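Read-outs throughout are calculated quantities, based only on the coordinates presented, and are distinct from any laboratory measurement. Given the structure is predicted, the values throughout are model-derived calculations rather than measurements. Here the Cβ positions follow ideal geometry from the backbone for every residue, glycine too, while neighbour counts run over all protein chains shown.
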Amino acid sequence: MDTPYVLKNSFNPANFKIDYRKELNGEQLDVVLHGDGPCLVLAGAGSGKTRTIVYRVAYLIEQGVRPEDILLVTFTNKAAKEMLFRVEELLGSFPAGLWGGTFHHIANILLRKYAKAIGYDNNFTILDAEDSKDLINLCVKSLHIDPKKARFPSAGVISGLLSLSKNTNIPVGDLVTEMKPEFMKVADDLVAVGRTYEDRKKKNNLMDFDDLLSNLLLLLREHENIRRILSQQFRYVLVDEYQDTNHLQANIVQLLSQEHKNILVVGDDAQSIYSFRGADISNILGFPKLYPETKMFKLEVNYRSTQPVLDVANTIIKNNIAQFPKKLQHVREGSIKPIIVPAVSDEQEAEFIVQKILELREDGVPLKEMAVLFRAAYHSQALEFELTRRDIPYDFRGGMRFFDRAHIKDVLAFLKVVDNPKDEVAMSRVLRLQVGIGEQTASQLFDMIQERLGPPDEEAHPLTTVLESLLPPSRGETGWKNFRGTIESLVDERENGPEALIRLVMDGEYRDYLGAQFTDADDRLQDLEQLALFAGKYDELSKFLSEVSLQESFGVAGNEQEQSNQERIVLSTIHQAKGLEWQAVFILHLSDAYFPNPRALGEEGGMEEERRLFYVAVTRAKEHLFLTYSLAAGYRTTNMQLQAPSPFLKEIPERLLESYRLTEQQSVLEDSLIDPDSVIELDDDQQPRGLLDRVLHSNAQKRLSRKPKQYS
């Protein structure tokens with residue numbers, strides 16, 4: 001049987017002996033030596049869980065367990081290859097036959113041998129994400145559905161619905177009702193597409209990524225003889241990041257370990273942050289109930305962070321009810337307390353972070369050892385603008401840079417068409433967004449418009465005059481009507497400034513386009529909201545577009561070699577930062593409007609998962625940790641919305657934090673005619689509560705500043 005990631009020649013345990021007591025701490029050693037039977041290893045952040053698993057594998061092999069009897073499962077290809085490389089490095093050569101890889105990789109290997117038992121040939125083809133979308137498009141076409149007549153969901157959106165349906169066992173029609181009511185008119189068509197998609201996959205010997213797991217589970221459940229063969233082979237099953245398993249994955253490892261019951265799962269319930277992908281924290285929390293004889297181990301020695309950082313992390317997570325309590329202890333020396341920084345606005349928050357980045361760099365901390373983390377990608381806009389203004393290079397993790405995102409470019413293209421009707425790139429982009437208008441038709445329409453464009457008229461915009469004179473194309477009549485209506489509305493609203501124009505596009509037909517095309521439409525709309533707030537600084541459309549163009553071109557100059565060698569700070573969503581670490585970490589936008597995510601609060605267990613996400617962010621920091629937020633959202637003093645600090649910040653005792661006070665020559669709050677005392681929450685006796693409230697109260701009275709250099 002083929003096995004994944006076989007790297008080198010066989011290993012002879014008689015030739016090698018590891019001094020485990022020298023290499024491991026007491027907690028890790030206990031797992032390595034006594035990890036038989038059902039075992040739950042609760043590995044705190046930075047506690048060396050990968051090291052523990054690797055040494056456990058080495059120990060089993062040294063004790064005479066055949067490598068082919070060990071199954072080591074993790075989540076990503078990168079993690080799997082790293083773990084198996086470390087096994088090889090520790091033992092001196094790779095133990096041939098060891099099973100290791102991702103859930104999907106292991107499923108693929110097993111199904112290649114036993115596919116016929118569930119009605120597939122062994123040479124089935126695996127569809128990647130693009131292949132799946134192509135097949136869905138073929139299904140739509142075969143059902144004679146014309147997606148160009150109206151906004152029909154894209155193949156990507158349909159694929160997401162079908163995947164969620166399979167992983168939750170909820171019918172597609174019910175999912176549409178619960179999650180996508182805007183598609184109710186085409187719900188029957190979506191059900192038909194899903195049915196056709198499944199039929200075509202089975203008929204053509206195809207499996208997508210979801211099928212690999214669901215079909216393996218089907219095989220193990222319906223064919224007892226095969227399950228017994230595999231379960232007898234895998235004497236030891238080790239699972240990494242168990243807190244991230246979904247229902248399918250947990251059931252698979254349970255069945256594969258059923259004979260010997262030597263199942264060792266490693267994870268941290270405090271870092272379970274992927275419920276939106278189907279991860280179920282009850283898998284790890286319910287493990288002892290599933291296996292009453294479970295041995296529980298805790299890895300609480302943290303090798304990453306100083307004790308002041310860990311004190312904040314421990315304090316945060318203890319507020320969760322559904323958890324296995326742990327208390328991280330430091331090895332790394334350091335006494336710098338995490339610092340909390342209230343700012344008057346998003347702009348001031350960004351200015352402070354950038355100024356502090358420069359100061360840390362002067363103190364010897366490399367840019368690559370600093371990261372700014374945030375709850376959602378759209379939170380980064382003000383910071384990206386300030387980094388660009390100060391010529392500080394950065395890498396963006398968890399998405400594209402703000403001004404490089406397709407939906408940002410789409411909306412800006414609408415504005416560019418109004419500002420300059422001769423802009424072929426912008427007009428072609430906008431036309432291609434319309435129903436029934438493809439690249440060729442867009443090119444023809446642009447040429448026709450240019451032929452009729454005259455000089456600017458004092459009484460009428462030249463473009464609207466031309467649009468009135470043109471007949472719509474036969475196939476794109478609906479799209480042309482939408483294009484013309486949007487452009488005419490934008491022309492009428494131009495004098496109200498670029499913010500009004502952006503909101504007009506956001507609230508129009510483009511919103512329907514996003515919903516039909518993308519599974520993350522809500523996040524994209526949040527990006528556009530940030531763009532609108534940013535545009536509120538400008539009264540003139542041309543000036544705004546010029547400023548944006550400078551943002552778009554930042555970093556383009558210079559050759560690729562120079563850019564790749566340039567040191568950069570990291571900007572990242574917290575989800576993307578999991579498993580990483582930096583010398584200095586900034587967590588921004590820690591206000592109640594942003595963190596916890598308001599949408600998550602409406603979900604069962606949402607508040608606790610948001611707190612776990614904050615915990616993950618805090619535990620990325622080795623020594624320097626900055627917690628920042630603004631008192632008001634928005635860029636203009638006339639459009640600011642007051643906001644309070646995140647409730648998670650108020651859970652941190654003041655003795656664990658230092659505070660920075662920003663000062664200002666002229667108070668934005670005063671200019672906005674906002675009562676400073678209304679910024680904070682007061683007790684019945686009208687006295688500020690705790691450090692946070694006192695800082696807010698003091699700052700409001702002393703007038704906050706946009707001079708980040710002046711702090712104490």
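Miscellaneous remarks
- Considering all different alpha carbon pairs of segment 572-619, the Kirkwood hydrodynamic radius works out to 11.5 Å.
- Protection proxy ranking for 609-616, 57-64, using the average of other Cβ atoms within 10 Å per residue and placing the highest first: 609-616, 57-64.
- Sorted peptide list for 116-129, 346-359, 489-502, criterion being average Cβ within 10 angstrom, highest first: 346-359, 489-502, 116-129
- Stokes-Einstein diffusion coefficient of segment 257-326, Kirkwood radius over Cα pairs, 37 °C, 0.692 mPa s, in µm²/s: 231 µm²/s
- Share of pairwise Cα separations in segment 213-299, more than 14 Å, in percent: 65 percent
- Size of electric dipole in segment 390-437: Cβ of Lys, Arg +1 and of Asp, Glu -1, about Cα centre, debye, nearest 20: 120 debye
- For peptides 90-98, 195-203, 268-276, sequence by mean Cβ density within 10 Å, most packed first: 268-276, 90-98, 195-203
- Cα lying deepest toward the dipole's positive end in segment 137-187, options 186, 165, 137, charges on Cβ: 137
- Distance between the C-alpha centres of segment 205-279 and segment 152-183: 25 Å, rounded to the whole angstrom.
- For segment 478-535, the list of chymotrypsin sites (Phe, Trp or Tyr not before Pro) that fall in a loop by DSSP and count at most 11 other C-beta atoms within 10 angstrom is empty.
- About the centre of its Cα atoms, segment 145-245 shows a dipole size close to 360 debye [charges on the beta carbon of Lys, Arg (+1) and Asp, Glu (-1) only; nearest 20 debye].
- Compared with the alpha-carbon gap, the fully stretched path from residue 63 to residue 368 is longer by 105.6 nm at 0.36 nm per residue.
- Inter-probe distance in nm under a simple model that places probes 7 Å from Cα toward Cβ, at residue 580 and residue 226: 4.0 nm
- Whole-number D in µm² s⁻¹ for segment 153-228, Kirkwood Cα-pair radius fed into Stokes-Einstein, 25 °C, 0.890 mPa s: 181 µm²/s
- Summarising the overall dimensions of segment 243-373 from its C-alpha atoms, the Rg and Dmax are 20.0, 61 angstrom.
- By the Kirkwood approach, averaging reciprocal distances over each pair of separate Cα atoms, segment 318-439 gets a hydrodynamic radius of 18.7 Å.
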